[in-house]
Amino acid sequence: MSTGRLITIEGGEGVGKSTNVDLVRKCLESHGYDVLTTREPGGTPLAEEIRSVLLTPRDEEVDALAETLLIFAARAQHVARVVEPALRRGRWVLCERFTDSTFAYQSGGRGVDAQVVAQLAHLAHPGVRPDLTLYLDAPVATAMPRIVTRALDRFERERQQFFERVRRTYQLRASEHAHIVSIDASRDLQTVQRDIVNAVETFLSANEDA
Ligand code: Z5A
């Protein structure tokens, strides 16, 4: 039996990750793939508990390495219990955020050494890496106003410079890694969705030819 593929959706706050999950799922299903959608941090009961610990605003300053380790604890559980078994069964896994987020937020945003993130990734999910990453890119000043009406979590309370560093790290990774397709998410939703579908169809053609 052939193994499935891991597709991730990445980007900063308010760029449209959640909005476009269904679009990508339907596109994959229209080609006959069995799709599991999930998210990080989270995706299992334990990992969702860790998510809630991570997102809760608190007075205590959270150490950047402690934050990184919590994220990888959630990821190790998610990969071992959900992602890997699904891929082994031939399912396609569509995940909102994955380790590219940790490079962007904990390394780019918080200053954790990228080598440490790479080592933890190697420990937490050896052999599991995205086959395709749809990176939705938009200026912070365009995307943040889209989410201001809701209660902000611990990350969303960061300063603008933090999100600028996160975005620069994503952009750098997109320029260095072939699995990351960058999509300009500052445009109207219909135009963004057209590009998302094109990126998925291009990936599927290459995958089906291989
Ligand atoms: N985090 C981390 O630090 N390290 C890690 O390794 C991981 C995560 C995995 C929670 O993630 C936090 O975890 C995240 C980073 C950290 N922190 N923050 N901040 P999350 O994925 O749950 O949270 P999020 O990125 O903050 O989700 P979000 O703000 O909801 O973003 P989104 O899913 O990209 O946006 P959306 O809900 O799809 O859209 C927001 C609104 O914009 C909505 O009203 C849409 O209708 C609208 N929208 C979407 N697209 C458009 C366009 N093109 N035009 C106009 N309006 C649009």
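The values are calculated or read from the model by the stated rules, or taken from the named source; none is laboratory data. Computed from a predicted structure; not experimentally measured. Here Cβ is always computed from backbone atoms with ideal geometry, including for glycine, and neighbour counts include all displayed protein chains. Keep in mind that these areas ignore ligands, DNA and RNA; they rest on the heavy atoms of the full protein, side chains included. Shrake-Rupley method; radii C 1.70, N 1.55, O 1.52, S 1.80 Å.
From the phi angles alone, apply the Karplus equation (6.51, -1.76, 1.60; θ = phi - 60°) to the stretch 102-114 and give each ³J(HN,Hα) in whole Hz, x where the residue is Gly or Pro.
Karplus-based 3J(HN,Hα) across the stretch 102-114 equals 5, 4, 5, 7, 7, 7, x, x, 9, x, 5, 4, 4 Hz.
Cβ under 15 Å from ARG91's Cβ, ARG91 left aside: what net charge do those residues give with Lys, Arg +1 and Asp, Glu -1?
+1
Could you go through the stretch 73-79 in sequence order and give the Karplus-derived ³J(HN,Hα) for each residue, using 6.51 cos²θ - 1.76 cosθ + 1.60 with θ = phi - 60°, rounded to whole Hz, and x for Gly and Pro?
3J(HN,Hα) across the stretch 73-79, in whole Hz: 4, 4, 5, 4, 5, 4, 5.
Classify the stretch 51-119 as rounded, prolate or oblate, taking a ≥ b ≥ c as the square roots of the eigenvalues of its Cα gyration tensor: rounded when a/c is under 1.5, otherwise prolate if a/b is larger than b/c and oblate if not.
prolate
How many times 2.2 N^0.38 Å is the alpha carbon radius of gyration of the stretch 1-93?
After normalising by residue count via 2.2 N^0.38 Å, the value is 1.23.
For the chain, what is the Kirkwood estimate of the hydrodynamic radius, computed as the reciprocal of the mean inverse distance between distinct Cα atoms, to one decimal in Å? Mind showing how you got there, number by number?
Numbers: mean 1/r = 0.0571 Å⁻¹.
When all Cα pairs of the chain are included, the Kirkwood radius is 17.5 Å.
If I stretch the segment between ALA178 and ALA206 completely, what's the gain in nm (0.36 nm per residue apart, minus their alpha carbon distance), one decimal?
Separation in residues times 0.36 nm, less the Cα-Cα distance, equals 8.8 nm.
Using only C-alpha positions, report the orientation-averaged shadow area of the convex hull of the stretch 143-210, nm², one decimal.
The orientation-averaged projected area of the Cα hull of the stretch 143-210 comes to 6.2 nm².
Given a Förster distance of 22 angstrom, what is the FRET efficiency for ARG146 paired with ARG168, based on the Cβ-Cβ distance and rounded to 0.05?
In this case the efficiency is close to 0.65.
For the full complex of protein chains and a 1.4 angstrom probe, list ASP137, ASP59, ASP131, ASP113 by accessible area with the highest value first.
Result, largest first: ASP59, ASP113, ASP131, ASP137.
To the nearest 500 deg cm²/dmol, what mean residue ellipticity at 222 nm is calculated for the chain from DSSP H runs of n ≥ 4 alone, each contributing -39,500 (n - 2.57), summed and divided by the residues?
Taken over the chain, the calculation gives -15000 deg cm²/dmol.
Tell me, how many Å apart are the Cα centres for the stretch 99-129 and for the stretch 35-81?
About 13 Å separates the Cα centre of the stretch 99-129 from the one of the stretch 35-81.
Quick one: which residues, 5+ away or cross-chain, put their amide H under 5 Å from the amide H of TRP92? H built at 1.01 Å from N.
For TRP92, the qualifying residues are ARG5, ASP34, VAL35, LEU36.
Residue by residue through the stretch 118-128, what is 3J(HN,Hα) from phi via Karplus (6.51 cos²θ - 1.76 cosθ + 1.60, θ = phi - 60°)? Round to whole Hz and write x for glycine and proline.
5, 5, 5, 4, 5, 6, 7, 8, x, x, 10
Could you report the chain's accessible area per residue, 1.4 Å probe, as an integer in Å²?
I get 50 Å² per residue for the chain.
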